[in-house]
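Participant: Pasting a structure here, questions to come.
The values are calculated or read from the model by the stated rules, or taken from the named source; none is laboratory data. What you are looking at is a predicted structure, and each value in this text was computed from that prediction instead of being measured. Quick reminder, even Gly has a Cβ in these numbers, built from the backbone with ideal geometry, and neighbours come from all protein chains shown. Note: accessible area is taken over every heavy atom of the protein model, side chains too, but ligands, DNA and RNA are not part of it. Shrake-Rupley method; radii C 1.70, N 1.55, O 1.52, S 1.80 Å.
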Amino acid sequence: MQFEEKQKFNQLWIALLIFSSVAMTLGLFLYQWKVMKNYQPALLAVIGFELFMVFLLHQLFTLKTLIDLEGIHFQFKPFHLRMKTINWYDIDQAYIRKYEPITEYGGWGIKGLWPFKSGRAYNVSGDIGLQIKLTNGKRILIGTNQAVEMQKVLNSIAKFKKLTNIIVVA
């Protein structure tokens, strides 16, 4: 009885954004070097480092989710150094739902700060997530691309642990 998912930002528009920024920066450098006859190796080094960091950060952003008998665990690298755990006894309600990433949370990533009142969200793509309402009133949404598999594990855990706060879907 365990669910595990690892998600990355792999949308085409992000790749196009990175590619266009690389192409634009390289084009500006070549223009400066060829047309203006002004070659500055330090500028090339800074540009190269900047582009490498953008690419590296894009590759590092990972949302890991683990659901087991202990609770719901998640980690959004590189922001969380280790998994965060929500124990079952801290959960008032948990269910999978469709949501509006932009209007409810302001997009994808770690979201949910002012002015959005929907709680905190951890997501990288799509519009389906595990909505968690905590006993302290806070709300957390964890995005998923494997809603069916996640629901099966939630159903099994709810039945095994006799949890009434998990919405079981057939």
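Participant: Hey, got a sec? Which trypsin sites (Lys or Arg not before Pro) in the range 11-79 land in a DSSP loop and have at most 12 other Cβ atoms within 10 Å? The partial results should precede the final answer.
Facilitator: Working: sites: 34, 37, 64; in loops: 37.
Within the range 11-79, the qualifying trypsin sites (Lys or Arg not before Pro) (loop, at most 12 other Cβ atoms within 10 Å) are 37.
Participant: Filter 133/162; 6/138; 111/159; 133/159; 111/162 down to the pairs with a C-alpha to C-alpha distance above 22 Å, please. Before the final figure, lay out the partial values.
Facilitator: On the way: 133/162 18 Å; 6/138 24 Å; 111/159 32 Å; 133/159 19 Å; 111/162 32 Å.
The pairs that break the limit, which is 22 Å between Cα atoms, are 6/138; 111/159; 111/162.
Participant: Give the relative contact order (percent, whole number) for the chain; include only Cα pairs under 8 Å separated by 6+ residues. Could you put the intermediate results ahead of the total?
Facilitator: Numbers: 265 pairs, mean separation 34.8, N = 170.
After rounding, I find 20 percent.
Participant: Grab the alpha carbons of the range 84-170, take their convex hull, and tell me the volume per residue in Å³.
Facilitator: Numbers: hull volume 8.0 nm³, N = 87.
Normalising the Cα hull of the range 84-170 by residue number yields 92 Å³.
Participant: Still on this structure, please answer the following. Can you put 83, 36 in order of accessible area, largest first, using a 1.4 Å probe?
Facilitator: Highest to lowest solvent-accessible surface, that is 36, 83.
Participant: For the range 72-170, what relative contact order do you get, as a whole percent, if you take Cα pairs closer than 8 Å and at least 6 residues apart? Don't jump to the answer; show the numbers that get you there.
Facilitator: Details: 169 pairs, mean separation 23.0, N = 99.
Answer for the range 72-170 is 23 percent.
Participant: Taking the Cα centre of the chain as the origin, how large is its charge dipole in debye, to the nearest 20, when only Lys and Arg (+1) and Asp and Glu (-1) carry charge on their Cβ atoms? Please list the in-between numbers first.
Facilitator: Details: 20 positive and 11 negative charges, 33 e Å.
Rounded to the nearest 20 debye, it is 160 debye.
Participant: In addition: Quick one: angle between helix 12-34 and the longest Cα principal axis of the chain, in degrees between 0 and 90, rounded to 10, please.
Facilitator: 20
Participant: Also: Using C-alpha positions alone, give me the convex hull volume of the range 49-123 per residue in cubic angstrom.
Facilitator: Numbers: hull volume 9.3 nm³, N = 75.
Spread over its residues, the Cα hull of the range 49-123 gives 123 Å³ apiece.
Participant: Another question about this same structure. Taking only DSSP H segments of four or more residues, each worth -39500 (n - 2.57), what value at 222 nm results for the chain once the sum is divided by all its residues, to the nearest 500 deg cm²/dmol? Spell out each step's value before the answer.
Facilitator: Values: 3 runs with 58 residues, N = 170.
Value at 222 nm, helices only: -11500 deg cm²/dmol.
Participant: Starting from the residue with the highest accessible area, list 104, 149 in decreasing order, probe 1.4 Å. Write out the running numbers ahead of the final one.
Facilitator: On the way: 104 40, 149 95 Å².
The most accessible residue leads, giving 149, 104.
Participant: Now a separate question. Leaving out same-chain residues fewer than 8 places away, which aspartates and glutamates sit with a Cα under 18 Å from that of residue 77?
Facilitator: Cα-Cα hits under 18 Å: 4, 5.
Participant: Moving to a separate point now. How large is the convex hull of the Cα atoms of the chain per residue, expressed in Å³ as a whole number? Let's see the in-between values first.
Facilitator: Working: hull volume 22.1 nm³, N = 170.
Hull volume over Cα atoms, normalised by residue count, gives 130 Å³.
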